[in-house]
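*Asks:* Sharing a structure here in structure tokens format.
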Ligand SMILES: Nc1ncnc2c1ncn2[C@@H]1O[C@H](COP(=O)(O)O)[C@@H](O)[C@H]1O
Ligand SMILES: Nc1ncnc2c1ncn2[C@@H]1O[C@H](COP(=O)(O)O)[C@@H](O)[C@H]1O
Ligand SMILES: Nc1ncnc2c1ncn2[C@@H]1O[C@H](COP(=O)(O)O)[C@@H](O)[C@H]1O
Ligand code: NA
Ligand code: NA
Ligand code: NA
């Protein structure tokens, strides 16, 4: 199968910021993303777990597959939201098959 | 530690198709995979969220680690199922330690 | 944006071992990780699903982003815990933006 | 007439309806009020179990009145027949593709168990009895509509994924199995069994139904907000017209079978309502090219609230007028 | 005096408090006892719905006593005012940064609905009535404190993320919408509506509250274990002092409005309690630089158990002494 | 004898057993009926809390009858002893490895709280009283078996992961903590405390148990379907034989302690039942080489349904015959 180079951006961010992030992504022309739940984690601001929590506490992982040329736009949009917030962003090379989708 | 090249295939697919996909994978000789829940997302068919849903709605993420030489078989099997369905497939290079497992 | 090479280590491990793993990671100087829930999967020990389970059954996925030079320490710590247990470890190249965090 | 209006108003101002309205309003106003998926699923399992069990107990107590078999048969026929009617109307009134029209038609042939539950509550509040086995009829009406839709598609040359286990999935769908299983357990254990778990399945039932409808309002509201563009004009009109046509078929069947007033109203409600759990999943598997947003918005955002607010009192009024109190 | 001690002891040995203590002890001993997030969220939705609904029914039954408007107004004023007091005390007594102090202040201006619920239970057990609309006052007091905190920050030159929809998020926060919505539904449907769902919202209420407090004990214990280093000295003292000051303001307001004894105690409890659901989320959005562990540990680990065990009986005693039984 | 058969049949046709059968059948037929993990966990937390609390209240009401200490001691001894018996039988009857045999043995020394709950329900339905503190005995019997299994392994030269906190994990296991904690709260607050939350922990209890057993049937059925190959012949026979042997030990202990008829039946049930929550987790940590599917299928798929259907009435009959009604 023919495969096309793409980028996989994984943004782990506070759940309260999810809507702001996805709106910024849409603003940057990124219309595809997937949100995965996060159970817990640790970082500079300590350890946390979702168990027994009630509010929109905790984090989510937002995964975006995009064409390489769109990476800069995406990162700019994402960092506008993530910047002052708890969270991490990583970018990996990947390949996709149905390139017209991204 | 000695590491071996492998492929990480991530298939985001409708939850109703999960069993069909994993059966196809097994049919292609892929006996190891992990299913992650997905909370929501957006794509060409719009935005969705799992909150408050009742049926087998929504998507799941199926992650397979495989030896590079098995990639083609896996993709063929996966696309047989995914093809006409909502969802995305991405393939990344990765490394594993206990290669005999894959 | 300036990006820095990093490693993304993904450890899929039994939920009962989660605390032991994260303690071992901290012992190895890895203070950042994210735990994702896992719904089900299959491997050499057969198929399983989290549905309807009650105990701390099932698996979790622990994702660590680290500087490349810390990989060996992390793997050693992780394998001390994972070794005799059900589960898989994969290591991918990735890039991060705020390198000082890792 | 005045009675009907009073009943309709009473119905509109019941906690059940108001909870649905609250959910709808919260979602349309983009509040972040939301039920976790697990809680929503848990409530639906509870409701299915309770309604199935109570139906079975009713059969154990009152006997079968000889018409269970006939009612099941008519239920299956209605479920299989209504999609053809719905399909014809959709093709005439709207620009939906064959696939989309068939998918929508399948939803309308099948049933909405929550509408059924809401209607039973109204009947109970009015002191109107009904055949306990109607819950088995509801289960029997879930699946046949899917078969009709697939037949419609294949006749039109459309491709249908008849994958090996589609049929097992449809017939052993969790909600059918739970409803029928609880019905059988209720039937076997009878009033004694009910006495053991009555405090669980009867007393809190209406309260759980309220919270469940609040969640359904939230889901419907979110759907309406997103699909605003796609459901309008003819499609929208279909969502209001089709339940009336379905109810007509249901009433005719009830008269033929000789159901009681309460049973007739429930048969109308089943025929008038559209599925939003079992059929959507089956359509995703069998007709992946159909746009799921259209069916779901119609079934949950238009027809469900219509039946809940106007439909149920209306069907009761019509059934009373025709079959007599 | 003896009565007060007896009441305090009685309160301390109630299942509700003991459940909280069990959760706290289990978490501090690092047991893996835990509630799934969905179950915790489900219980909180249930409690908000039940308390809101019952408040609305109380208003429908007893009328408004003419003071709803005044009470709401004073509630808003208290919520907006208390953060300034809290901020001043924090800046004087602790080394917290402006941002952290403002974030903590916002939590103390807002309210803890579970403390409110626990206090209503104590009042009910004592046979002390209170104004049903106090639940609406609780809802009205959730948000103004956030505005005050943001104003404090911006006056000090701090940056505040006033992103487009922050205000909608705060005002249409799920818990406010559910509380107010259920209140309205209770008001509209009145005692008749309550009769329909009483077995769901009244009978099991206290039991659910027990399990919910068990979970809150677990969450508080985990928080205390992790934040052991950060909350001590002046910050800790603030967590015990501030509820007393808040209660004083609440009592003054209650006297001005002319609330009943029960209403006055609830107004004191609202003013004395600190938010750990709505405000933390808003602060994460608006003040990302504030350390969330400080506010949460104070609100949930110090002030909440203080109010639950000592605060409520104390406020009741003081209100009885000043306003008369 | 006729009475026993009648009781056994009555038991078989109770909603509780039929719900388990429904779940089992649905899973074996590969229906997609499933409970979300959070709902299953929530129900188990509820059941543990309710059973613990009611046990504590029973002790508060009826006093200790002087035998709590003795019963706890015998419980611990049974739990520690039974694994040796089970291990010897497994090594003689089956080809399981030392590790697998030890892991299975640990499960059978420990207890199944749901079997205990189901047995209490049967006793209550028969009007047979039992010592309230038996729930504390159940908690005390959870852990010792694990120690025995680890000792067995290490004596055979097997490696055991005695990681730092294994013991804390086992002894502060969530289900033990909740059961013992609720027992203490029930004991402290007594009948007054129970009155406050009775509508939550007593009235709906049996209904929740039904749904929980439905889920257990689903999980057991899925396990049986997947492990079909691994559990057969000698291993399968062990799953039917071992509960009888365990019950025998339990009866002997009960006679020595001088328990009431009801208490003796519960002691038999505890000894006869096998753990499927606490022990599996501990075994995964300490004996990762043991195949978890074997223990779980035996405990949940064979011994649990055996005890539920045949075991409980049988133990009651034997105890009645030996100890007298
Ligand atoms: N190195 C890392 N690898 C993976 N996840 C991380 C890492 N650092 C932080 N995180 C995630 O981001 C959250 C916030 O991190 P921080 O801002 O460092 O407190 C943590 O709770 C983790 O879920
Ligand atoms: N570019 C993308 N990156 C990540 N996930 C995607 C992307 N596109 C689609 N998805 C996921 O696949 C689902 C269906 O996509 P679509 O078929 O484009 O509607 C979405 O709801 C997302 O969860
Ligand atoms: N090749 C693989 N790719 C992805 N996940 C795997 C793979 N092999 C095993 N797993 C995961 O690890 C768990 C245990 O695997 P195993 O130890 O092989 O039984 C499985 O249930 C999967 O969740
Ligand atoms: Na219909
Ligand atoms: Na306050
Ligand atoms: Na045992």
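*Asks:* Does segment E:91-115 hold any residues that are surrounded by fewer than 24 Cβ atoms within 10 Å (Cβ to Cβ) and either near ligand 5 (Cβ under 10 Å from one of its atoms) or over 19 Å from residue E:288 (Cβ atoms) (or both), and which are they?
*Replies:* Selection gives E:91, E:92, E:93, E:94, E:95.
*Asks:* Which of the numbered conditions does residue D:240 fail, given that it passes all the others? Conditions: (1) within 19 Å of the chain's Cα centre (by Cα); (2) farther than 23 Å from residue D:14 by Cα.
*Replies:* Residue D:240 satisfies every listed condition except (2).
*Asks:* Is it true that residue D:114 is within 14 Å of chain F (Cβ to nearest Cβ) and on the phi < 0 side of the Ramachandran plot?
*Replies:* no
*Asks:* In this structure, does residue E:250 turn out to be farther than 30 Å from residue D:200 by Cα and at pLDDT below 95?
*Replies:* Against the criterion (farther than 30 Å from residue D:200 by Cα and at pLDDT below 95), residue E:250 does not qualify.
*Asks:* A further question follows. Only one of (1) in a strand (DSSP E or B); (2) in contact (Cβ under 8 Å) with a residue 40 or more places away in the chain; (3) within 11 Å of chain A (Cβ to nearest Cβ) fails for residue C:35. Which number is that?
*Replies:* The number of the failed condition is (2).
*Asks:* Would you say residue D:139 is within 14 Å of another protein chain (Cβ to nearest Cβ), assigned to a helix (DSSP H, G or I), away from ligand 2 (no atom under 16 Å from the Cβ) and more than 17 Å from residue D:79 (Cβ to Cβ)?
*Replies:* Against the criterion (within 14 Å of another protein chain (Cβ to nearest Cβ), assigned to a helix (DSSP H, G or I), away from ligand 2 (no atom under 16 Å from the Cβ) and more than 17 Å from residue D:79 (Cβ to Cβ)), residue D:139 does not qualify.
*Asks:* Surrounded by 21 or more Cβ atoms within 10 Å (Cβ to Cβ), assigned to a loop (DSSP other than H, G, I, E, B), more than 16 Å from ligand 6 (Cβ to nearest atom) and within 7 Å of another protein chain (Cβ to nearest Cβ): does that describe residue B:12?
*Replies:* no
*Asks:* On to the next question. Can you tell me which residue is farthest from the other protein chains (Cβ to nearest Cβ) among those in segment F:282-291 that are within 16 Å of ligand 3 (Cβ to nearest atom) and part of a helix (DSSP H, G or I)?
*Replies:* It comes out as F:283.
*Asks:* Somewhere in segment B:69-92, is a residue assigned to a strand (DSSP E or B), out of contact with any helix residue (DSSP H, G or I) (no Cβ under 9 Å at 6 or more places or on another chain) and more than 16 Å from ligand 5 (Cβ to nearest atom)?
*Replies:* yes
*Asks:* Related question: If I ask for residues that are more than 19 Å from residue D:174 (Cα to Cα) and either more than 8 Å from every other protein chain (Cβ to nearest Cβ) or surrounded by fewer than 21 Cβ atoms within 10 Å (Cβ to Cβ) (or both), which ones from segment D:36-66 would you list?
*Replies:* Scanning segment D:36-66 gives D:57, D:58, D:59, D:60, D:61, D:62, D:63, D:64, D:65, D:66.
*Asks:* Among the helices (runs of 4 or more DSSP H) lying completely within segment D:144-233, list those that include at least 3 residues that are within 14 Å of chain E (Cβ to nearest Cβ) and surrounded by 24 or more Cβ atoms within 10 Å (Cβ to Cβ).
*Replies:* D:205-226
Let's see how each residue does on (1) modelled with pLDDT under 95; (2) over 18 Å from residue E:169 (Cβ atoms); (3) within 16 Å of ligand 6 (Cβ to nearest atom); (4) surrounded by 22 or more Cβ atoms within 10 Å (Cβ to Cβ):
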| site | (1), (2), (3), (4) |
| --- | --- |
| A:28 | yes, yes, no, no |
| A:34 | no, yes, no, yes |
| A:37 | no, yes, no, no |
| A:43 | yes, yes, no, no |
| A:48 | yes, yes, no, yes |
| A:64 | no, yes, no, yes |
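*Asks:* Still on this structure, please answer the following. Residues in segment E:292-306: is at least one at pLDDT 95 or above, over 28 Å from residue E:166 (Cβ atoms) and part of a helix (DSSP H, G or I)?
*Replies:* yes
*Asks:* Looking at (1) over 30 Å from residue F:33 (Cα atoms); (2) more than 8 Å from every other protein chain (Cβ to nearest Cβ); (3) in a helix (DSSP H, G or I), can you tell me which one residue C:20 breaks?
*Replies:* Looking at each condition in turn, residue C:20 falls short on (2).
*Asks:* If you take the residues of segment D:254-278 that are in contact with a helix residue (DSSP H, G or I) (Cβ under 8 Å, 6 or more places away or on another chain) and either facing chain B (nearest Cβ under 9 Å) or surrounded by fewer than 24 Cβ atoms within 10 Å (Cβ to Cβ) (or both), which of them is nearest to residue D:115 (Cα to Cα)?
*Replies:* Only one residue tops the list, namely D:276.
*Asks:* Another question, if that's okay. Going by the conditions given, is residue C:52 out of contact with any strand residue (DSSP E or B) (no Cβ under 7 Å at 6 or more places or on another chain), away from ligand 1 (no atom under 12 Å from the Cβ) and either within 14 Å of chain A (Cβ to nearest Cβ) or modelled with pLDDT of 90 or more (or both)?
*Replies:* No; evaluated as a whole, the condition is false for this residue.
*Asks:* Follow-up question, since we're still on this one. For residue B:54, are the conditions met, namely being surrounded by 16 or more Cβ atoms within 10 Å (Cβ to Cβ) and part of a strand (DSSP E or B)?
*Replies:* Taking the combined requirement at face value, the residue does not satisfy it.
The values are calculated or read from the model by the stated rules, or taken from the named source; none is laboratory data. None of these values were measured; they are calculated from a predicted model. Methodologically, a virtual Cβ is constructed for each residue, glycine included, from the backbone with ideal geometry; neighbour enumeration extends over all protein chains shown.
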